[in-house]
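Have a look at the structure below, then the notes.
Each reported figure results from applying straightforward, stated rules to the coordinates on display, with no laboratory input. None of the values given here were measured: they were computed from a predicted structure. Here the Cβ positions follow ideal geometry from the backbone for every residue, glycine too, while neighbour counts run over all protein chains shown.
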């Protein structure tokens, strides 16, 4: 049986795990107990790469005790190059997702989309160069901002089924957030497609935006892309 690599994504709302090998199907876990983490550590070998955008001190101490954990940053040996003026500020999740997308779709011009607390859209060219991208308020942030910065607007939930024109204040807010994000991202798709041939979009978002109804671009859903990218980086450093 071949080597197994453990990937860990410590996010703002949850911690996610992936156990990868070349001989077996990957296994995925979310917000598991310390005992289950110990089991994953015992089943894995080689370097453990961690993407950290949130905080989980107990888990982080447990991973540190393994003696194999590495926090991903721009100084790590990567299978892509970074064309970024402030690489020290570049989120580890964005780096991991780009590495994962490059491995899955080599030689392609790629926009990597991730919608969580914030929305990121990053450009990776066909020469495996990370060109940078955008960071924009996420769905939850937009709803909370409307509620917290006004006296009258309620806090409402995401609903992609409501369409323009909204027939109530709640529906209008739901349409406003959803359609604004769609229009915003579609604008980036269009502008980059004019510069890069055969552009594809790789979407690892938590929320599912229904671009298929408004876009002619090839959009590939890869919700475990960050964990897979950490695995690619681990193999690159093994």
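If we scan segment 80-87, do we find a residue that is touching a helix residue (DSSP H, G or I) at 6+ places or on another chain (Cβ under 9 Å), outside any strand (DSSP E or B) and surrounded by 23 or more Cβ atoms within 10 Å (Cβ to Cβ)?
There is no residue in segment 80-87 that is touching a helix residue (DSSP H, G or I) at 6+ places or on another chain (Cβ under 9 Å), outside any strand (DSSP E or B) and surrounded by 23 or more Cβ atoms within 10 Å (Cβ to Cβ).
Step by step: first the residues of segment 135-159, then only those that are part of a helix (DSSP H, G or I) and in contact (Cβ under 8 Å) with a residue 24 or more places away in the chain, then the one that is farthest from residue 181 (Cα to Cα). Which residue is that?
Of the residues in segment 135-159, the ones part of a helix (DSSP H, G or I) are 139-148.
After this cut, where a residue has to be in contact (Cβ under 8 Å) with a residue 24 or more places away in the chain as well, the list is 139, 141-143, 146.
Numbers: 139: 8, 141: 12, 142: 10, 143: 12, 146: 15 Å.
So, considering only residues that are part of a helix (DSSP H, G or I) and in contact (Cβ under 8 Å) with a residue 24 or more places away in the chain, the one farthest from residue 181 (Cα to Cα) is 146.
Cβ-Cβ below 7 Å, separation at least six or inter-chain, first residue in segment 30-46 and under 15 Å from residue 7 (Cβ atoms), second exposed (fewer than 12 other Cβ atoms within 10 Å of the Cβ): which pairs?
Going by the 7 Å Cβ cut-off, the qualifying pairs are 46/238.
Which one of 222, 179, 192 is over 24 Å from residue 103 (Cβ atoms) and either surrounded by 16 or more Cβ atoms within 10 Å (Cβ to Cβ) or without any contact (Cβ under 8 Å) to a residue 40 or more places away in the chain (or both)? Even if it seems obvious, please write down each step before you answer.
Numbers: 222 fails: over 24 Å from residue 103 (Cβ atoms); 192 fails: over 24 Å from residue 103 (Cβ atoms).
Exactly one of 222, 179, 192 is over 24 Å from residue 103 (Cβ atoms) and either surrounded by 16 or more Cβ atoms within 10 Å (Cβ to Cβ) or without any contact (Cβ under 8 Å) to a residue 40 or more places away in the chain (or both), namely 179.
Of (1) touching a helix residue (DSSP H, G or I) at 6+ places or on another chain (Cβ under 7 Å); (2) in a loop (DSSP other than H, G, I, E, B); (3) closer than 29 Å to residue 182 by Cβ, residue 121 satisfies all except one. Which?
The one condition residue 121 does not meet is (2).
Search segment 195-216 for residues being more than 19 Å from residue 129 (Cβ to Cβ), free of Cβ contacts under 8 Å to residues at least 60 places away in the same chain and surrounded by fewer than 16 Cβ atoms within 10 Å (Cβ to Cβ), and hand back the single one that is nearest to the chain's Cα centre (by Cα).
As a first pass, look at segment 195-216 and keep what is more than 19 Å from residue 129 (Cβ to Cβ): 203-216.
Subset that is free of Cβ contacts under 8 Å to residues at least 60 places away in the same chain: 208, 210-216.
So of that shortlist, the ones also surrounded by fewer than 16 Cβ atoms within 10 Å (Cβ to Cβ) come out as 208, 210, 212-214, 216.
On the way: 208: 13, 210: 17, 212: 20, 213: 22, 214: 22, 216: 22 Å.
By that ranking, first place goes to 208.
Sort out for me the strands (runs of 3 or more DSSP E) sitting completely within segment 1-62 that have 3 or more residues that are surrounded by fewer than 16 Cβ atoms within 10 Å (Cβ to Cβ).
Ranges flagged: 27-30.
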